[in-house]
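The structure appears right after this line, and notes come after that.
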Amino acid sequence: MNTLTFRATGSLIVALAVLASALPALAQQKTAPAPLQAPMSSQPSIAPVAPVPVVPAQATPAPAPAVQSAPAPAMDVSATPADSGKSPKSTPVTLRELSPWSMFLSADILVKAVMIGLAFASLVTWTVFIAKMIELSLVQRKLRAALARISDARSLAEAQFALGSQDSVLSSLLAAAMREARMSAGISSDSGIKERAASSFAEIVRAEARRIRLGMGLLATIGATSPFVGLFGTVWGIMNSFIGISKSQTTNLAVVAPGIAEALLATAFGLVAAIPAVIIYNHFTRLTKGYLELVSRSSGSAGRLLSRDLDRTHVSGGTHSRAAE
């Protein structure tokens with residue numbers, strides 16, 4: 001009985017010793033997966049809970065994984081808002097209004113002078129356009145009506161009576177023809193009279209062409225020179241912009257763009273003045289050609305009436321001479 005009890009006690013002691021030696025290994029196996037499960041959990045405060053108090057001697061490796069998982073949440077995230085909040089304060093940018101009026105006010109004095117001159121040239125162009133349109137429409141209508149009135153006249157006197165007191169280039173041509181016929185009275189050479197009358201007609205036609213083309217040269221000048229004047233203002237403004245960029249020592253687009261936009265506004269003014277001037281000039285060239293054709297028709301009508309009067313004078317003179325015989 002004592003022997004059995006002794007043997008049982010010895011085997012129990014051996015089992016306890018084996019169990020005591022196995023417990024640290026089990027504790028280490030249970031504490032090792034804790035760092036892997038800590039990032040997967042939604043609450044970081046639960047990760048430090050582990051069966052550390054089981055084996056005090058082997059509990060030191062457990063805090064190491066907890067220290068490695070701690071820096072993950074909030075090192076760089078907390079630093080970025082502070083940096084992003086400070087960045088706009090370090091480089092302040094003042095935006096300028098880029099409307100045409102504000103760009104004109106902030107432009108250089110020479111560029112302003114160029115733009116004012118181009119605006120005045122544009123005003124002159126539209127003034128000439130309105131004045132010449134009224135003038136050409138009136139003289140063309142008047143000359144067509146005058147030609148219609150003398151279409152059935154058989155002599156210079158009848159033509160002048162049909163026109164009455166109407167003032168037109170046709171009345172000037174008829175007056176020149178009658179004056180030449182009166183001053184050449186007693187001269188039997190009809191060719192000389194017609195030649196002198198044709199010379200007077202040519203002078204009247206040239207004077208009327210100069211009068212009707214008055215203002216066309218101004219339109220041609222504005223259309224030809226306005227783009228170059230605007231380009232001069234642009235070049236000057238860009239030079240000043242580059243000088244300002246070198247002084248400010250920055251290449252920021254918000255600083256560079258307004259000066260270049262102000263310089264390009266001068267070119268825009270030049271094109272606004274030049275394009276309508278060229279179009280209006282070409283339009284008036286076509287209208288002037290049509291009117292000068294009517295003037296040429298009037299000159300031919302006056303010449304034909306003068307020729308009829310001369311032939312009628314010779315016929316009547318021959319009849320009287322035969323009657324006298």
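Extending 7 Å from the Cα toward the beta-carbon at both L264 and A175 defines two label points whose distance is 5.9 nm. Note on A113/R210: beta-carbon distance plugged into 1/(1 + (r/R0)^6) with R0 of 35 Å gives a FRET efficiency of 0.55.
Put in line by how crowded their Cβ is, counting other Cβ atoms within 10 Å and starting with the fewest, T127, T234 read T127, T234. With 0.36 nm allotted per residue and the present C-alpha distance subtracted, the R141-S106 stretch has 7.6 nm of extension available. Take the convex hull of the alpha carbons in segment 100-324; its mean projected area over all directions comes to 16.5 nm².
Mean separation of Cα pairs under 8 Å and 6 or more residues apart, divided by the residue count, gives segment 100-324 a relative contact order of 36 percent.
One decimal place: the segment S248-Q166 gains 22.3 nm when fully extended, by the rule 0.36 nm per residue minus the C-alpha distance. Ordered by the count of other Cβ atoms within 10 Å of each Cβ, fewest first, T125, T267 give T267, T125. In this simple spin-label model, placing a label point 7 Å from the Cα along the Cα-to-Cβ direction at both R308 and E293 gives a separation of 2.5 nm.
Taking packing as the residue-averaged number of other Cβ atoms within 10 angstrom, the listed peptides 215-222, 198-205 run from highest to lowest as 215-222, 198-205.
Coordinate-derived values only; no laboratory data. Being a predicted model, the structure only gives us computed values, none of them experimental. Cβ coordinates were reconstructed from backbone atoms using ideal geometry, including for glycine residues, and neighbour counts include every protein chain displayed.
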